[in-house]
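Input: a single structure, listed below in structure tokens.
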Amino acid sequence: MLARWVRSELERNGYRVLMTRDGDQDPSFDDRSAIANAHRAAIFLSLHVGSTGVPGTVRTYVYPTVQEDATQDESLSGDEQAGRGLVEWDRAQQPFVEQSRKLGDLLQTEFSQRFAHSPELCMAYPIRDLRSVAAPAAAIEISSVAAPDEGMFAQMGPSLAAGIARAVAAFQPSGEPGTIR
């Protein structure tokens with residue numbers, strides 16, 4: 001439901017939106033990444049309803065830099081950073097972490113203004129579905145499945161979608177809509 005609000009708002013603003021799932025399918029993380037990585041000049045947004053957090057809040061996560069991520073032992077070579085070499089699947093996000101951080105902060109700024117008690121800046125965390133995406137990427141977590149009123153999500157939909165559209169437009173200063181995955 002929330003993803004459909006977001007898709008409609010982004011398409012209304014001129015963006016092409018590809019969804020990695022639309023219904024009850026459950027593609028693997030690698031399948032989602034493969035879909036996303038097949039499109040150039042795009043960004044990847046992953047929407048989730050979390051099981052924790054204050055109901056009605058929104059938090060954005062981006063993949064950490066090598067220095068922030070204790071699970072990574074080595075930094076990327078110069079060729080990998082420049083995009084000229086082959087990048088290991090599990091490290092595809094590394095050349096995009098700075099762009100992802102910018103996108104995440106723009107998203108989180110919108111959310112903090114729209115949803116009380118939401119943080120002002122995104123958080124870096126090694127989220128599995130972001131690490132193999134070769135594009136600016138962010139995970140958006142809406143809290144919480146434990147909300148006493150399911151209607152809360154329907155009420156959040158338009159504002160969430162508008163915030164995402166504003167952040168995406170600010171992220172792409174060229175003014176030319178691209179593809180959102």
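The values are calculated or read from the model by the stated rules, or taken from the named source; none is laboratory data. These figures come from a predicted structure and were not determined experimentally. Because the Cβ atoms are built from the backbone with ideal geometry, glycine has one as well, and the counts that use them run over all protein chains shown.
Here is how the numbers come out for the structure above:
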{"item": "Enumeration of residues in the stretch 33-49 that are farther than 18 Å from G104 by Cα and either surrounded by 13 or more Cβ atoms within 10 Å (Cβ to Cβ) or in contact with a helix residue (DSSP H, G or I) (Cβ under 6 Å, 6 or more places away or on another chain) (or both)", "result": "S33, A34, I35, N37, H39"}
{"item": "Out of D30, D26, sole residue that is surrounded by fewer than 16 Cβ atoms within 10 Å (Cβ to Cβ), of a type in the set (D, E, K, R), over 30 Å from Q113 (Cβ atoms) and touching a helix residue (DSSP H, G or I) at 6+ places or on another chain (Cβ under 8 Å)", "result": "D30"}
{"item": "Some residue of the stretch 102-117 being within 27 Å of E9 (Cβ to Cβ) and at pLDDT below 95", "result": "no"}
{"item": "Single residue of A154, A139, A169 found to be outside any loop (DSSP other than H, G, I, E, B) and at pLDDT below 90", "result": "A154"}
{"item": "Output for the stretch 21-47, where each listed residue is part of a helix (DSSP H, G or I), over 13 Å from A139 (Cβ atoms) and of a type outside the set (S, T, N, Q)", "result": "D30, D31, A34, I35"}
{"item": "Residue match in the stretch 62-85 (condition: at pLDDT 95 or above, part of a strand (DSSP E or B) and hydrophobic (A, V, I, L, M, F, W, C))", "result": "yes"}
{"item": "Of the criteria (1) closer than 13 Å to I43 by Cα; (2) among the aliphatic types (A, V, I, L, M); (3) crowded, with 24+ Cβ neighbours inside 10 Å, which one A134 fails", "result": "(3)"}
